[in-house]
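Notes for the one structure printed next.
Nothing in this text is a laboratory measurement; each read-out follows from the coordinates by a stated rule. Because the structure is a prediction, the values reported are computed rather than measured. Using ideal geometry, Cβ is built from the backbone for each residue, glycine included, and neighbour counts are taken over all protein chains shown.
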Amino acid sequence: MAIQRIHHVAYRCIDAKETVEWYGRHLGMDFVLAIAENEVPSTHAPDPYMHVFLDAGGGNVLAFFELPNSPAMGRDTATPDWVQHLAFKVGSLDELQAAKARLEAAGIPVVGITDHTIFKSIYFFDPNGHRLELAVDTATPEMNQRLDDVKWAMLDEWARTRRAPTHAAWMHERELARS
């Protein structure tokens, strides 16, 4: 078996209609499908839901469930806000800057542009409290090769020590020079 791509990724939303409209307005995602049931197909539990699907580009689909009979949405309070997020790729730094300006003009707080050496990104929240990231790749082929060459050594060291390995410390040399 070979995985071809992610069929869809599903999250919970507070209001399906508001979510579809928000993603269309702010991220240009088309609404492609809605499925509503009064019973969960996999478990047969009586639990009405609205399941909406959005085109996230490149054959990727982002889906949401509105669950009116379930307790209010929460989040994993043991995990920092910055960890759990959805990252979407954009084509250029100009697109990233334009998206940041549009989001801020719409009153959406944006963090960044953050320079991660191999990509630049911005962060913001959707109306359901999900953290989103828009990223543009900036890595050179040499940078990608350097990271590829050390990925297993880094992972092995991390598994032994639970401390950040320094195999890719070059990624942060600019930060150190600015300090």
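Annotations for the structure displayed:
- Per-q log10 I(q)/I(0), the stretch 9-66, q = 0.20, 0.21, 0.24 Å⁻¹ (Debye; single scatterer per alpha-carbon; no solvent): -0.70, -0.76, -0.92
- Fraction of alpha-carbon pairs over 20 Å apart in the stretch 1-104 - percent: 52 percent
- Cα-based helix-to-principal-axis angle, 93-105 vs the chain, degrees rounded to 10: 50 degrees
- Spin-label proximity, S70 to the stretch 33-62 - amide N less than 17 Å from point 7 Å beyond Cα toward beta carbon: 35-54, 62
- Volume of the Cα convex hull of the chain, divided per residue and given in Å³: 194 Å³
- Among beta bridges that DSSP assigns inside the stretch 60-179, antiparallel share in %, nearest 5: 65 percent
- Neighbour-count order for H7, H167, fewest beta carbons within 10 angstrom listed first: H7, H167
- Axis of helix 16-27 versus longest Cα principal axis of the chain: the two differ by about 40°, to the nearest ten degrees.
- Helix axis angle, 141-161 relative to the chain longest principal axis, alpha carbon, degrees: 80 degrees
- Cβ charges +1 (Lys, Arg) and -1 (Asp, Glu), total dipole of the chain, debye: 460 debye
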